[in-house]
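As structure tokens, the structure follows; a few thoughts come after it.
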Amino acid sequence: SSIRQFLLLAFADRRELQLLHLGIYLAALLGNGLIISTIAWDHHLHTPMYFFLLNLSLLDLGCISTTLPKAMANSLWDTRAISYSACAAQLFFLF
């Protein structure tokens, strides 16, 4: 037999916690986006310290944007399954 899908545990059962999770995700996107755009546009910030801060923000943006959208969609629409290919794609893009 082959595995076709995985069942995920619920992050939160209450709608308020699910919306809080969405808000934290959006705040992380906004914060990292502001850091990236500020460092990219201000030429005084093109020093090694800000170069590494830019890379850290890009890495964080990539990591949270790989796994959290599917987890939040499952949470908000009360589904618990993720297909094997979607799980493999998430792992591929995460690593």
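The values are calculated or read from the model by the stated rules, or taken from the named source; none is laboratory data. Given the structure is predicted, the values throughout are model-derived calculations rather than measurements. Please note: Cβ atoms are built from the backbone with ideal geometry, for glycine as well, and neighbour counts cover all protein chains shown. Keep in mind that these areas ignore ligands, DNA and RNA; they rest on the heavy atoms of the full protein, side chains included. Shrake-Rupley method; radii C 1.70, N 1.55, O 1.52, S 1.80 Å.
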Cα gyration tensor of the range 2-79 diagonalised, 5x eigenvalues square-rooted, in angstrom largest first, produces semi-axes 33, 15, 7
If you plug each phi of the range 27-32 into the Karplus form 6.51 cos²θ - 1.76 cosθ + 1.60 with θ = phi - 60°, what whole-Hz ³J(HN,Hα) values come out, in order, with x for Gly and Pro?
-> 5, 5, 4, 5, x, 5
Within the range 3-39, backbone nitrogen closer than 13 Å to the virtual label 7 Å beyond the Cα of CYS87 toward Cβ = 3-9
Per residue, what accessible area does the range 2-79 have, given a 1.4 Å probe and all protein chains present, in Å²?
-> 73
Helix 48-76: inclination vs the chain longest Cα principal axis, degrees, rounded to 10, gives 20
Toward the positive end of the charge dipole of the range 2-79, about the Cα centre and with charges on Cβ (Lys, Arg +1; Asp, Glu -1), which of PHE6, ILE36, ASN55 goes farthest?
-> PHE6
Mean separation of Cα pairs under 8 Å and 6+ residues apart, divided by the residue count of the range 1-62: what relative contact order is that in percent?
-> 30
So how far, in whole Å, is the C-alpha centre of the range 3-37 from the one of the range 41-80?
-> 12
Magnitude of the charge dipole, the range 1-90, Cβ model with Lys/Arg +1 and Asp/Glu -1, debye to 20 = 320
By the scheme Lys and Arg +1, Asp and Glu -1, what is the net charge of all other residues having a beta-carbon under 14 Å from that of SER83?
-> +3
Non-local amide H neighbours of GLN5 (under 5 Å, H modeled in plane, Pro and chain starts lacking H): which ones?
-> TYR84
